[in-house]
Amino acid sequence: MSEAIPGMPPPPPPAAPRPAAVAVLYRRVGEGVEVFWVKREKALRFAGGFYAFPGGKVDKADAAVPMRGASGEEAAMRVAAARELFEETGVLMAEGAEALSPERLKEMRRALLAEERTWGAQLAEAGLTLRAQDFQPAGRWITPPYMPVRFDTRFFLVEAPRQAVAELWPGELTEAVWVTPKAALERWSEGTALLHSPGVHVLQVLAKFDTPEAVLARLEAPPHCPDFIATLVEFQQGVRIIPLVTPTLPPATHTNGYVLGPEELLIVDPGAEDEREFEKLRDLLSTLEAEGKRPVAIVLTHHHWDHVGGVKMLKERLKLPLWCHARTADRLDVPTERLLVDGEVLELAGNPPQRWRVLHTPGHARGHICLVEERSLAAVVGDMVASVSTIVIDPPEGNMRDYLTQLARLRDLPVTTMYPAHGGPIPDGPGKLQEYLEHRAARAERILESLPPEGATLHQVVETAYSDTPAFIHPVAERSALASLEMLMEAGRARLQGGRYFKA
Ligand SMILES: [Zn+2]
């Protein structure tokens, strides 16, 4: 993504956060506790593929359900937490629930999920009473403004009753199990369980369970969370995201910077030139430096402006060296201290150390690189894929055949979680890469089919072969269409004559 496109609509304002409630269900085991965590279905728009706790948005009807010991919003939030907990785990926290048979509970849960009877009506019919004391306030988190779907979420700590059986029914969750906080954090550290900031905080607090009162106090006061919005977002240990506002290709509004590493840190793609955005990055680095970590270099995935805008300022103020591929370095007006080549490993000291392998992945840009973490095979992928917006292949810098080759290479490695420059992480890397490959192949065929016997100009090709995309995308699509045509010509399937493209 390189330049602004005329006629492009302005980026949308941040989404308004919707009220939501989460139930952190725990049970005492020996000296410590186990917590019930769930893995969200990967296709879900919010936190798809992430581990989390049962929860969801507050329904309008939740306000009408009685909650003994609370009123107004405080009651509605708890009603929602109780409902979501029951829907997702089958654990019904209410006075009188212990007298219900397992069959009755199952039937109630089924009817609730099928929306046959309302939550309030079911509780009343069964003679159950929700109690505020069962849902202890355990913090509030607002999704950061750069996320497309946002919630203002109240967390509640819930101790599971002895007889409660929590179990997963197929649906929005793919995994739901009891886990010790320590084991859960190990998975996060290995990169096999992705977590948002609240999840990390809750598990870190519960890993040191002393008394419920002390735990609740710590849950309600998370570090690095001004106005309930997390500034330290570490999806897996040692992979921190810092989205910065940049002049990028809409609908994207931000370029994700990443701060990688256990103690020694790499700063990847500081794309914002703006002073306020720079401050965000510096605040994050200060936070990390206070924990004994230190940046060692800036790394660029490629030379596009929305990835390099902050490099000069960062180099000058933090005295950091710049590392990138030679084909990126020769496009910059700042000196590069180290040229990165395919296959080399960037080892970052710490406990444990982290090793990031450099992959040269030309296609979107000649000097494009990805970084693959050797233990988890998580990959920082720059502009190879995006979870918002599309990737432009713009010749002569862009080359479709190279791009497809590199997408397939990442798929076959295979990478695991992909961290793109635009949009949130992609937990199922190979799935997304396959989708991209199929999409590009289908588009190339569509372009070929669009060529009439009398030939077509590039403009005409786009009008026909991209008739399924909005017109304002067409100037960008024209670049990628040209890249596809070049690939088809190279394969001997199309030819160019007198400014018109023909089937060969
Ligand atoms: Zn780019």
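Quick notes
- Gyration tensor over alpha-carbon atoms, segment 202-300, equivalent ellipsoid semi-axes in Å: 29, 16, 12
- Label-point gap, in nm, between Glu115 and Glu435 - each point 7 angstrom along Cα→Cβ: 2.4
- Among the GluC sites (Glu not before Pro) within segment 229-308, those in coil by DSSP and having at most 11 neighbouring Cβ atoms inside 10 Å are Glu291.
- Cut-off 13 Å between beta-carbons: net charge of the residues surrounding Glu277, Lys and Arg +1, Asp and Glu -1: -4
- Across segment 465-481, coupling constants 3J(HN,Hα) worked out from phi with the 6.51/-1.76/1.60 Karplus curve, θ = phi - 60°, read 6, 10, 5, 8, 10, x, 4, 5, 7, 4, x, 6, 4, 4, 5, 5, 5 Hz, and Gly and Pro carry x.
- Altogether, the Stokes-Einstein calculation at 10 °C and 1.306 mPa s, with the Kirkwood radius of segment 325-460 over Cα pairs as Rh, returns a diffusion coefficient of 97 µm²/s.
- Dipole magnitude of segment 18-226, debye to nearest 20 (Cβ charges: Lys/Arg +1, Asp/Glu -1, about Cα centre): 360
- In segment 131-220, trypsin sites (Lys or Arg not before Pro) in a DSSP loop with at most 10 other beta-carbon atoms within 10 Å: Arg162
- In percent, rounded to a whole number, the relative contact order of the chain is 11, using alpha-carbon pairs under 8 Å and six or more apart.
- For segment 362-379, 3J(HN,Hα) per residue [Karplus equation, 6.51 cos²θ - 1.76 cosθ + 1.60, θ = phi - 60°, Hz, x = Gly/Pro]: x, x, 6, 9, 4, x, 5, 10, 10, 10, 10, 7, 5, 7, 8, 6, 6, 10
- Projecting the Cα atoms of Trp305, Ala456, Ala164 onto the charge dipole of the chain, computed from C-beta unit charges around the Cα centre, puts Ala456 farthest toward the positive end.
- Annotation: lysines with alpha-carbon distance below 18 angstrom to Lys39 (same-chain offsets under eight excluded): Lys57, Lys182.
- Computed magnitude of the charge dipole of segment 238-442 (debye, nearest 20; Cβ of K, R +1, Cβ of D, E -1): 200
- Sum of -39500 (n - 2.57) over DSSP H runs of 4+, divided by residues of the chain (222 nm, nearest 500): -9500 deg cm²/dmol
- Remark: relative contact order (segment 1-120) = 20 percent; criterion is Cα-Cα distance under 8 angstrom and separation of 6 or more residues.
- Size of charge dipole - the chain - debye, nearest 20, with Cβ of Lys, Arg +1 and Asp, Glu -1, no other charges: 240
- Of the GluC sites (Glu not before Pro) found in segment 330-402, no site is in coil according to DSSP while having at most 10 other Cβ atoms within 10 Å of its Cβ.
- Evaluating 6.51 cos²θ - 1.76 cosθ + 1.60 at θ = phi - 60° for every residue in segment 256-272, the Karplus couplings come out as 6, x, 10, 10, 9, x, x, 10, 6, 10, 10, 9, 9, 6, x, x, 9 Hz, glycine and proline recorded as x.
- Peptides ranked, highest mean first, by Cβ atoms within 10 Å: ranges 25-32, 240-247: 240-247, 25-32
- For the chain, taking the reciprocal of the average inverse distance between every pair of different Cα atoms yields a Kirkwood hydrodynamic radius of 24.8 Å.
- A Förster radius of 41 Å combined with the Cβ-Cβ distance from Leu318 to Trp169 puts the calculated FRET efficiency at roughly 0.20.
- Applying the Kirkwood pairwise sum to the alpha-carbon positions of segment 444-503 produces a hydrodynamic radius of 11.2 angstrom.
- Ala491/Ala15 FRET efficiency (R0 41 Å; Cβ-Cβ; nearest 0.05): 0.45
- Using the Cβ of Tyr258 as centre and a radius below 12 Å, the other residues enclosed give a net charge of -2, where K and R count +1 and D and E count -1.
- Using the Cβ-Cβ distance between Asp274 and Ile142 with R0 = 25 Å, the FRET efficiency computed as 1/(1 + (r/R0)^6) comes to roughly 0.65.
- For Phe50, the residues 5 or more places off, or on other chains, whose built amide H falls under 5 Å of its own are Arg40.
- Accessible surface for the chain, divided over its residues, is 43 Å² per residue with a 1.4 Å probe.
- Apportionment of accessible area to carbon and sulfur, the chain, percent (1.4 Å): 54
- Formal net charge of residues neighbouring Ala43 (Cβ-Cβ distance under 12 Å; K, R +1; D, E -1): 0
The values are calculated or read from the model by the stated rules, or taken from the named source; none is laboratory data. Worth saying up front: this structure is predicted, and the values here are computed from it rather than measured. Note: ideal-geometry Cβ built from the backbone for every residue, glycine included; neighbour counts use all protein chains shown. Please note that ligands, DNA and RNA were not included when accessible areas were found on the heavy atoms of the full protein model with its side chains. Shrake-Rupley method; radii C 1.70, N 1.55, O 1.52, S 1.80 Å.
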